[in-house]
1. In nm, to one decimal, how far is the E147 label point from the K118 one, both placed 7 Å along Cα→Cβ?
2. Scan segment 2-72 for GluC sites (Glu not before Pro) in coil per DSSP, keeping those whose Cβ has at most 13 other Cβ atoms within 10 Å, and list them by number.
3. Restricting attention to segment 1-59, which trypsin sites (Lys or Arg not before Pro) occupy a DSSP loop and are surrounded by at most 16 other Cβ atoms within 10 Å?
4. Residue by residue through segment 8-20, which ³J(HN,Hα) values in whole Hz follow from phi under the Karplus form 6.51 cos²θ - 1.76 cosθ + 1.60 (θ = phi - 60°), with glycine and proline marked x?
Amino acid sequence: MNKTLFKKVKDLCKDTGLSEKYLTAITEKMGGSIEDDSTDEAEIEKVANQIADVAKESQGEATRWANKAKEPKEPKEPKEPKEPKEPKEPKEPDNDPNKRISELQAEMDKMKQEQAKKDRETAVQAALNKHGIPEWRRKGLVIPDEEDPDAYCAGLKQDLITQNLISEDPESVKTANAKNVEEASDELLESIIVK
């Protein structure tokens, strides 16, 4: 690119606000007929004026585009009253009731699963308490989903009693002790009466 040509173009376009990058690009494209080392002042002046005219027209067109781009924003304000009509567009979900039904069904299924999980946890805790399963044995205990918590805890309690890890239920021991005392007293009474 001829430096003298570029300097002339810059001088002619200094008030347009166009960037130097743009001026360089347009000078390279349009000033191709001027050799880099050319000193022909008349030809350089002629091409520089042509480039400046095109640059100014480009700048004017860019300004018009920018102003036109701003114009739709202003008319949008009158369109805002029409926006209440836009909520009619969400009829798309109404047009596809199966989709909405599927969403509601999925939500209900999720809620049912959460409730079933809570109910299961409550039943497990009740069974553990009912059968007196000690805290140390409850840690890490997982009752399989297919197992009844009450039956599982009853079996677990029996295993713990069999392995002498817990004593029998105090109520059953008390009942057994009462029977033993009653039997012993009956035997003693019979032995006294016979004499």
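Please treat every number below as a calculation from the coordinates, not as lab data. Quick caveat: nothing in here was measured; it's all calculated off a predicted structure. A quick note on method: Cβ atoms are made from the backbone with ideal geometry, for glycine too, and the neighbour counts reach across all protein chains shown.
1. About 2.6 nm separates the two model spin labels.
2. Details: sites: E20, E28, E35, E41, E43, E45, E57, E61; in loops: E35.
When the GluC sites (Glu not before Pro) of segment 2-72 are filtered for loop state and at most 13 Cβ neighbours within 10 Å, E35 remain.
3. Here the sparse-neighbourhood loop sites are K14.
4. 5, 4, 4, 5, 5, 10, 5, 8, 7, x, 6, 6, 5
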